[in-house]
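The values are calculated or read from the model by the stated rules, or taken from the named source; none is laboratory data. All figures in this text were calculated on a predicted structure; none of them were measured in a lab. Every residue, glycine as well, gets a Cβ built from its backbone with ideal geometry; the counts of neighbours run over all protein chains shown. Areas reflect the complete protein model, heavy atoms only, side chains present, ligands, DNA and RNA absent. Shrake-Rupley method; radii C 1.70, N 1.55, O 1.52, S 1.80 Å.
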Amino acid sequence: MSSLQLLGELLGDEHYGEHAPGQEEPGADSIHADGLTDAGLERRSNRLARGLGSLGVLPGDVIVVLCCDHHRSDRAVGYLAAQKVGAEPVVLPLLPSPPLRDQLLARSPRLILACSEGVGAWRKTGVSCRVVGDEPGVTWWKLLELRHSPEPFERASAEAISSSEVGPPK
């Protein structure tokens, strides 16, 4: 499966990445079922990639994306952001606690990106892990995105990201 097909599956858009009549680029201005445009996906994933770097995520780290179908745009943003920092994104479905616990323990993620339902599912597993999500008691996902630039992300070392974008504004 190509990366475009996988993003299409994560977004619930089977035609993601195809040329529309009159478009010069595949998916140039596509709007997906949940209202996220391709440009919006790119901006949000750039912001989140920088945020992941500021949290110390390094190339090769496993990042679990745990988002329900209602939050499919967050699922795609999380997957793409993890790829941009060179991490290994693993998308897991919201499973009952015992099988989800087994999946998490088998992967030993550096971090979990989760929608509110995903945070609830993770909490029931009892697995210790840093979580970025949409519930009290975890790093707030949307705030992490908003703290960083939407400019195109170019993979850099986590140290360069951390030193340039973390801390009080100058």
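Of all residues in segment 50-71, those that are closer than 22 Å to Trp122 by Cα and buried (at least 16 other Cβ atoms within 10 Å of the Cβ) total 13.
Within segment 83-128, if we keep just the residues that are at positive phi and touching a residue at least 40 places away in the same chain (Cβ under 8 Å), the residue that is nearest to the chain's Cα centre (by Cα) turns out to be Gly86. Checking each residue in segment 126-137 for being more than 16 Å from Ser73 (Cα to Cα) and crowded, with 19+ Cβ neighbours inside 10 Å picks out Val127, Val131.
The test for being over 23 Å from Thr37 (Cα atoms), touching a helix residue (DSSP H, G or I) at 6+ places or on another chain (Cβ under 8 Å) and polar (S, T, N, Q) does not hold for Thr139.
Can you find a residue that is touching a Gly at 6+ places or on another chain (Cβ under 6 Å) and either part of a loop (DSSP other than H, G, I, E, B) or of a type in the set (Val, Ile, Thr) (or both) anywhere in segment 46-57?
No, that holds for no residue.
Mind checking which residues of segment 90-125 are part of a helix (DSSP H, G or I), within 24 Å of Lys142 (Cβ to Cβ) and open to solvent by less than 70 Å² (accessible area, probe 1.4 Å)? Step through it out loud before you land on a result.
First pass over segment 90-125, keeping only residues part of a helix (DSSP H, G or I): 97-107, 116-125.
Add one more test, that the residue is within 24 Å of Lys142 (Cβ to Cβ), and what stays is 100, 104, 116-125.
Residues satisfying the conditions are Leu100, Leu104, Ser116, Gly118, Val119, Gly120, Ala121, Trp122, Thr125.
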